[in-house]
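The values are calculated or read from the model by the stated rules, or taken from the named source; none is laboratory data. Predicted model, so just to flag it, every value in this text is computed and none were measured. Cβ atoms come from the backbone with ideal geometry, glycine included; neighbour counts cover every protein chain shown.
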Amino acid sequence: TQLLEQSPQFLSIQEGENLTVYCNSSSVFSSLQWYRQEPGEGPVLLVTVVTGGEVKKLKRLTFQFGDARKDSSLHITAAQPGDTGLYLCAGRLSNTGKLIFGQGTTLQVKP
Amino acid sequence: GAVVSQHPSWVICKSGTSVKIECRSLDFQATTMFWYRQFPKQSLMLMATSNEGSKATYEQGVEKDKFLINHASLTLSTLTVTSAHPEDSSFYICSASSDYEQYFGPGTRLTVT
């Protein structure tokens, strides 16, 4: 079974704190995407990383793709209540092209 | 980013009836569309991959005769839930692929009574 392990699955922090979400797999991905999903809505694409070792920044969010393209992380600096939501990583398998999702991380940022 | 729409956004139907959900890529042509199912507080589960002009490829455990998928054009795919039962109640999300990125529709909440 090709799995993408995402952790933590739930995170509750205070406004201003930093946090990191991890996605790990034994499979190699041709690309990896991070999404954010609000209740009752579809996932919204935040970023796509393609190259091993790639780092992308989106304001207070930093995304990193592992050198071997098997893992990725999302780091949020100085979290705000508006960051609350479900964060999903999804990797595109190199062999099949299929996109597989991690379990998701529910983030709650308290004011 | 690219825009994907879904219709309806929610539907309530009686057990035994069929429901059709439409997925459209509004500003790009999608040769491949995907259908996912999501239960509360869980991640997305891929149901099937739909390629324009050909039969859909279903994931293991997904009944192809129950979840009929049609991808008649480069901008439209439909999912029909046939003879719906309460256990089919879920959040159904479609996705369309553009290059190596995948964009998602807003989802359809199906409730079967």
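Odds and ends about this structure:
- Residue B:20 satisfies every condition listed in (1) basic (Lys, Arg); (2) in a strand (DSSP E or B); (3) facing chain A (nearest Cβ under 9 Å) except (3).
- Residue B:60 being surrounded by 15 or more Cβ atoms within 10 Å (Cβ to Cβ), closer than 30 Å to residue A:7 by Cβ and not β-branched (Val, Ile, Thr): no
- Of all residues making up the range A:1-17, the number that are over 14 Å from the mean Cα position of the chain (by Cα) and over 15 Å from residue A:84 (Cβ atoms): 3
- Checking B:38, B:6, B:29 one by one, the residue that is under 12 Å from the mean Cα position of the chain (by Cα) and modelled with pLDDT under 95 is B:38 and no other.
- Restricted to strands (runs of 3 or more DSSP E) entirely inside the range A:20-82, those with at least 1 residues that are more than 11 Å from chain B (Cβ to nearest Cβ) and free of Cβ contacts under 8 Å to residues at least 24 places away in the same chain are A:55-58, A:61-65.
- Residue A:90 being in a strand (DSSP E or B) and not acidic (Asp, Glu): yes
- The number of residues in the range B:32-55 being out of contact with any His (no Cβ under 9 Å at 6 or more places or on another chain) and either in contact (Cβ under 8 Å) with a residue 60 or more places away in the chain or not in a loop (DSSP other than H, G, I, E, B) (or both) comes to 11.
- Single unsatisfied condition, residue A:97 versus (1) in a loop (DSSP other than H, G, I, E, B); (2) surrounded by fewer than 22 Cβ atoms within 10 Å (Cβ to Cβ); (3) touching a Leu at 6+ places or on another chain (Cβ under 9 Å): (3)
- Residue check for residue A:6: under 23 Å from residue B:95 (Cα atoms) and outside any strand (DSSP E or B): no
- Residue within the range A:47-56 that is closer than 24 Å to residue A:13 by Cα and surrounded by fewer than 19 Cβ atoms within 10 Å (Cβ to Cβ) present: yes
- Of the numbered criteria (1) within 11 Å of another protein chain (Cβ to nearest Cβ); (2) surrounded by fewer than 17 Cβ atoms within 10 Å (Cβ to Cβ); (3) small (Gly, Ala, Ser), the one residue A:102 fails is (2).
- Of all residues in the range B:69-95, those being part of a strand (DSSP E or B), crowded, with 20+ Cβ neighbours inside 10 Å and of a type in the set (A, V, I, L, M, F, W, C) number 6.
- Residue satisfying condition, being within 14 Å of chain A (Cβ to nearest Cβ), modelled with pLDDT under 95 and under 14 Å from the mean Cα position of the chain (by Cα), within set B:77, B:97: B:97
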